[in-house]
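Below is one structure; the comments refer to it alone.
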Amino acid sequence: ARTRGLRFGSATAWSAPGADRGGIGNPRYTALLERDCGILVAENEMKWQRLRPTPATFDFERADAIVALAKAKGMAMRGHTLLWHQTKWMPRWEATHDFGPRPATAGAAMLTQHIQTVIARYAPQVASWDVVNEAVNPNGSGLYETALSRAIGGAEPTLDLAFRTARAAAPGAQLVYNDYMSWEPGNDAHRAGVLKLLEGFRKRGTPVDALGLQSHLVTQGTAGGIAGQQAEWRRFLDAVTGMGYKLVVTEFDVRDNRLPADPAIRDRGVADYARAYLDVTLSYRQLRDVLAWGLSDRYSWIEGFEPRGDKARRRPTLYDRDFRPKPLYGAVAAAL
Ligand code: XIL
């Protein structure tokens with residue numbers, strides 16, 4: 001990656017010292033991070049759910065520990081995320097919060113204070129922020145609303161305020177809108193919704209620098225369809241970069257759907273599928289950073305989020321459950 005002017009990195013969790021988890025307390029896991037990564041992102045610890053136990057307080061302890069590790073090892077950091085714009089991903093208190101007699105003022109104050117406080121704490125270590133995460137409903141119905149955005153007066157002004165506040169607080173940082181619209185068939189409405197949002201940002205002069213491509217890929221098991229998917233994906237990325245946006249691969253992993261349980265066959269299918277995706281995506285000079293969403297199958301979130309259903313364990317990441325590199329490692333390395 002470095003020889004091409006790119007950066008590879010990964011998400012990491014916080015974890016207690018010695019625990020068998022995919023986090024910074026696990027030397028077997030941090031060995032992988034240190035070997036492969038030039039940049040880290042906190043898998044959960046910078047989200048509102050973790051930073052904001054109550055409306056009046058912040059808890060930075062675990063996020064601080066991840067940032068400290070990156071600093072000690074000379075790794076850059078991405079920040080994820082200043083606003084995950086969905087009720088289920090806000091702290092539980094948010095849904096019933098009383099914004100008082102002037103909700104627009106109180107809501108705007110809460111959002112700006114949050115963003116200013118988090119950015120002030122982690123600048124200059126964090127040079128790229130997922131300012132807003134997953135605001136677009138993938139079914140094509142538009143933007144989500146939360147209690148906070150209703151108080152402020154709607155999703156659009158809320159997202160604009162988030163980006164404007166972030167720009168003022170971190171003028172040199174890359175500001176990213178991050179979402180999971182992917183290249184697989186069935187995501188047309190989601191991609192269209194994201195394009196519409198990005199157009200709106202440009203029209204209103206909202207300071208957004210890049211689109212975060214989460215890249216939680218899902219194998220379809222139809223090799224013949226790959227060229228069509230690549231063409232479709234290129235059209236999308238052309239439209240995004242045509243508006244002047246940069247690109248970041250923010251959360252790469254692969255869900256091995258419709259591939260046989262045999263790990264050897266599955267790993268090969270996953271690697272080929274990912275290579276086809278990365279070849280197109282990395283052909284854009286607007287892209288510099290590629291981050292995996294965790295480095296070992298042993299700890300990947302995919303197992304809990306969407307198990308395979310045939311009892312075979314998920315194999316979504318570059319290293320297997322015993323920390324051995326898989327064909328996906330080779331595919332990513334070759335694509336970089
Ligand atoms: C996931 C984490 O990996 C899980 O540990 C957590 O329970 C839920 O969130 N899109 C995102 C990430 O932007 O923040 C999500 O991370 C995965 C999907």
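Quick notes
- The residues listed here are 100, 107; of these, the one that is more than 16 Å from the ligand (Cβ to nearest atom), surrounded by 19 or more Cβ atoms within 10 Å (Cβ to Cβ), more than 30 Å from residue 292 (Cβ to Cβ) and not polar (S, T, N, Q) is 107.
- In the range 283-310, residue farthest from the ligand (Cβ to nearest atom) [restricted to those that are crowded, with 18+ Cβ neighbours inside 10 Å and hydrophobic (A, V, I, L, M, F, W, C)]: 287
- Wholly within the range 1-73, helices (runs of 4 or more DSSP H) carrying at least 2 residues that are touching a Phe, Trp or Tyr at 6+ places or on another chain (Cβ under 7 Å) and more than 25 Å from residue 118 (Cα to Cα): 27-36
- Residue count for the range 298-324 under the criterion of being in contact with a Leu (Cβ under 9 Å, 6 or more places away or on another chain) and within 15 Å of residue 254 (Cα to Cα): the result is 5.
- Test: residue 86 is within 16 Å of the ligand (Cβ to nearest atom), on the phi < 0 side of the Ramachandran plot and at pLDDT 95 or above: yes
- Every listed requirement among (1) in contact (Cβ under 8 Å) with a residue 60 or more places away in the chain; (2) in a loop (DSSP other than H, G, I, E, B) is met by residue 83 save one, (2).
- Residue-level check: of (1) among the charged types (D, E, K, R); (2) in contact with a Gly (Cβ under 8 Å, 6 or more places away or on another chain); (3) not in a loop (DSSP other than H, G, I, E, B), residue 258 misses just (3).
- Just one of the listed residues (81, 146, 112) is buried (at least 16 other Cβ atoms within 10 Å of the Cβ), in contact with an Asp or Glu (Cβ under 6 Å, 6 or more places away or on another chain) and closer than 25 Å to residue 197 by Cα, and it is 81.
- In a residue-by-residue description of the range 217-234, the property of being free of Cβ contacts under 8 Å to residues at least 40 places away in the same chain and of a type in the set (D, E, K, R) applies to no position.
- Within the range 10-37, the residues that satisfy the criterion of being within 15 Å of the ligand (Cβ to nearest atom) and either touching a helix residue (DSSP H, G or I) at 6+ places or on another chain (Cβ under 9 Å) or hydrophobic (A, V, I, L, M, F, W, C) (or both) are 10, 11, 12, 13, 14, 15, 19, 21, 22, 23, 24.
- Residues in the range 311-321 that are out of contact with any His (no Cβ under 9 Å at 6 or more places or on another chain) and closer than 30 Å to residue 241 by Cα were compared, and the one that is farthest from the ligand (Cβ to nearest atom) is 318.
- Any hit, the range 166-174, residues being at negative phi, within 16 Å of the ligand (Cβ to nearest atom) and buried (at least 19 other Cβ atoms within 10 Å of the Cβ): no
- Being surrounded by fewer than 19 Cβ atoms within 10 Å (Cβ to Cβ) and within 26 Å of residue 213 (Cα to Cα) holds for only one residue in 94, 61, 43, 34, and it is 34.
- Qualifying residues in the range 102-140 (those that are touching a residue at least 40 places away in the same chain (Cβ under 8 Å) and hydroxyl-bearing (Ser, Thr, Tyr)) - the one nearest to residue 77 (Cα to Cα): 128
- Of all the listed residues (13, 70, 65, 42), the sole one being within 22 Å of the chain's Cα centre (by Cα) and in contact (Cβ under 8 Å) with a residue 60 or more places away in the chain is 13.
- With respect to (1) within 16 Å of the ligand (Cβ to nearest atom); (2) touching a strand residue (DSSP E or B) at 6+ places or on another chain (Cβ under 6 Å), the lone exception for residue 1 is condition (1).
The values are calculated or read from the model by the stated rules, or taken from the named source; none is laboratory data. Predicted model, so just to flag it, every value in this text is computed and none were measured. Note that we place each Cβ from the backbone using ideal geometry, even for glycine, and neighbour counts take in every protein chain shown.
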